[in-house]
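Only the coordinates and a few stated rules stand behind these numbers; no lab work does. If you're wondering where the values come from, they're calculated on a predicted model, not measured in any experiment. Neighbour counts run over all protein chains shown; Cβ positions are idealised from the backbone, glycine included.
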């Protein structure tokens, strides 16, 4: 299964900590000079320091990495159960319902594989006539898949949030040192601190959401209290090149209505229409998020080139790095929402009307 490739920037806090050290070494006498003159001295000192390395900023990054500690270590415990795919989560959910053993046998190995993998349109709707507990089996599969999407997105988003906090923490440290040498005002430093506090608040919220998503997953699989941590992939699957077409939906709807009681068939028309509208909207939003991510990757690369050419400041680099990380988060969340909507659509096309949109 393909994965979204988050083109993450190199750890900017490493490069900027080196600049912080250079700026922080300015003498008290220099600090009393004119601010514009002092800024020129500080940036010349920083660039002179970079020039001591054969490959400029690339070598500074290596030096800083060897001589600095990261702002935050990721507190992820060793998992005691691995769920590399949603397929695994579905099968664990079914295992938690031993009473369904006969019904799953009636469903057959091939149909079980289609449902666990999320290929529900491959399942012949007529199978529901001979399989007991059919709706319950599908609902358990849908709940497991959506809980799995939720927890993968939450944990991947938490890692991105930590990177965002590191960037703001680096900016805060640089601001503190620039105030110390007289290049910034206390007001500008306070504004930097305010932004960092807001980001830290978001990190705490994201941590809680990741914990709750994991609890939700174990609850959906009837494994709460059995396991405490789960091993997951680093990203969700890529957006398909083409969305499910209206023609495909119409054909599937016709097939399922033929095997449903009349009252359910009429209601199915409405739920499918609602689910398909949500599906199309989520697909379009995910495409737009990917377009925005590509734009931010380009802007980040260009910013790095100009920064290395001393045409932009470290503040420009930090700002663009943060923007790119936020774009990565937007892609992740849009992909999660799309997969949720796809699952809901496929549920309705199997005649299961209990899905919540």
If each of residue 205 and residue 323 carries a label point 7 Å out from its Cα toward its Cβ, how far apart are those two points in nm? 2.2 nm
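For segment 178-329, state the semi-axes of the equivalent ellipsoid (square roots of 5 times the eigenvalues of the alpha-carbon gyration tensor), sorted largest first and rounded to whole angstrom. Intermediate results must be reported in sequence, preceding the final value.
Working: eigenvalues 431, 115, 41 Å².
Here the semi-axes work out to 46, 24, 14 Å.
Determine the gain in length on full extension of the stretch residue 258-residue 99; use 0.36 nm per residue of separation and subtract their C-alpha separation, reporting nm with one decimal. Can you show the working numbers first?
Values: separation 159, 0.36 × 159 = 57.24 nm, distance 2.85 nm.
This chain segment gains 54.4 nm when fully extended.
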FRET E, pair residue 109, residue 295, Förster distance 56 Å, beta-carbon r, rounded to 0.05: 0.80
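By per-residue mean of other Cβ atoms within 10 Å, what is the highest-first order of 178-185, 304-311, 292-299, 85-92?
85-92, 178-185, 292-299, 304-311
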Go through 274-282, 262-270 and give me the packing order, highest mean Cβ count within 10 Å leading. 274-282, 262-270
To make sure I understand, if each residue's beta carbon is the centre and we count other beta carbons within 10 Å, what order do 197, 137, 244 fall in, fewest to most? 197, 244, 137
How would you order 212-222, 340-350 from highest to lowest mean count of nearby Cβ atoms within 10 Å? 340-350, 212-222
I want to check the label-to-label distance for residue 270 and residue 198. Put each point 7 Å from Cα in the C-beta direction and report it in nm to one decimal. 4.3 nm
